[in-house]
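First the structure, in the form of structure tokens, and then the observations on it.
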Amino acid sequence: MQHCPLCDADLFPTVKRAGLPLQSCPACGFVAIDLEQWQSPYAGGEYYADLTAPHVDWQRSFLQHRVAGVRRFLPSGYVLELGAGIGETALALAQAGYRVDAVEESPKAVSYLQANHPTVSWHQAEILDYLAHTPDATYDAVTLFHVLEHIPRPHRLAKELSRVVSSGGIAAIELPNLAGLQARLKGERWHYLQAHHVNYFHLGTLQRLMEPHGFELLGHEEKYHFSHPQGVLWKDRIKSLLAKIGFADILCTWWRRSTMR
């Protein structure tokens with residue numbers, strides 16, 4: 001039997017849920033895909049194979065909300081955006097005055113962004129490889145919006161984040177919320193149970209991951225869905241209320257890197 005990568009307890013045997021080989025830790029509640037029975041659906045492929053001149057709108061309300069979360073703890077500085085996708089969050093941060101490096105694995109997306117949005121320094125690389133070649137304490141902040149759930153063996157990533165973030169710097173992490181009522185009520189029908197999601201966190205398990213690597217939780221927010229707020233007042237109020245009573249599909253967290261190294 002394998003051991004939990006967060007608390008080292010024995011994992012339950014692998015069971016199939018929504019067609020996925022999942023393991024659940026009886027001690028801390030961490031859920032992850034059994035990597036011995038998993039193959040990345042993007043192995044050897046281009047994630048953005050069908051990408052054609054995307055409309056990159058960094059002014060959308062939920063992107064500005066992400067920037068506001070970073071600004072709450074870091075008014076200015078040098079930010080690394082991991083898993084940049086088509087670049088919206090990185091560009092929103094750059095427009096807000098931050099110096100931004102952004103890492104994305106898709107050659108097609110990075111090629112487009114480099115040609116059309118030079119205010120950000122774009123890097124086509126695998127995330128862990130990029131971090132491994134980054135000097136200590138390079139960045140004031142690192143942002144991971146819907147990235148951590150894609151990373152096998154997340155301790156490796158947390159260890160690298162601890163190294164590349166300067167003392168007193170921050171990490172912003174947003175991901176699907178396993179403890180939300182939507183996940184619990186929908187069960188195998190929960191739409192975040194996907195073959196490319198290898199980790200399933202709630203706040204407690206995320207703390208178990210980050211705290212041993214020198215990160216202190218500064219705050220967290222639960223959101224009804226990925227793109228909240230939408231900028232439509234009545235919709236945002238209703239969805240904020242739903243999130244407050246537990247219907248929160250998304251967990252947003254902010255962490256401070258300890259000044260003790």
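The values are calculated or read from the model by the stated rules, or taken from the named source; none is laboratory data. Computed from a prediction, not measured in an experiment: that's the story for all the values here. Counting neighbours? That spans all protein chains shown, and the Cβs are built from the backbone with ideal geometry, glycine included. Please note that ligands, DNA and RNA were not included when accessible areas were found on the heavy atoms of the full protein model with its side chains. Shrake-Rupley method; radii C 1.70, N 1.55, O 1.52, S 1.80 Å.
On full extension of the chain, what length is gained from Glu221 through Thr119, given 0.36 nm per residue of separation minus the C-alpha to C-alpha distance?
Numbers: separation 102, 0.36 × 102 = 36.72 nm, distance 2.93 nm.
Once the chain is fully extended between Glu221 and Thr119, it gains 33.8 nm.
Applying both filters, DSSP loop and at most 13 other Cβ atoms within 10 Å, to the GluC sites (Glu not before Pro) of segment 59-137 gives Glu126. The residues of segment 97-194 expose, per residue, 41 Å² of accessible area to a 1.4 Å probe. The portion of the accessible surface of the chain made up by carbon and sulfur, rounded to a whole percent, is 52 (1.4 Å probe; DNA, RNA and ligands excluded).
Computed per residue of the chain from DSSP H runs no shorter than four, each worth -39500 (n - 2.57), the mean residue ellipticity at 222 nm is -8000 deg cm²/dmol.
The length gained by stretching the chain between Gln59 and Lys186 to full extension, at 0.36 nm per residue less their Cα-Cα distance, is 42.5 nm. Note on segment 42-193: Cα-Cα pairs beyond 21 Å make up 47% of the total pair count.
Modelled label positions at Asp8 and Arg153, each set 7 Å beyond Cα in the direction of Cβ, lie 1.7 nm from each other.
Counting lysine pairs in the chain whose alpha carbons fall under 20 angstrom apart, excluding pairs fewer than 8 residues apart on the same chain, gives 8.
Working value for the chain: equivalent-ellipsoid semi-axes of 27, 22, 20 Å, each the square root of 5 times a Cα gyration tensor eigenvalue, largest first.
At 0.36 nm per residue, and after removing the present C-alpha to C-alpha distance, how many nm does the segment from Tyr47 to Ile245 gain when stretched out fully? Could the numbers behind the result be given before it?
Details: separation 198, 0.36 × 198 = 71.28 nm, distance 3.54 nm.
Contour length minus Cα-Cα distance gives 67.7 nm.
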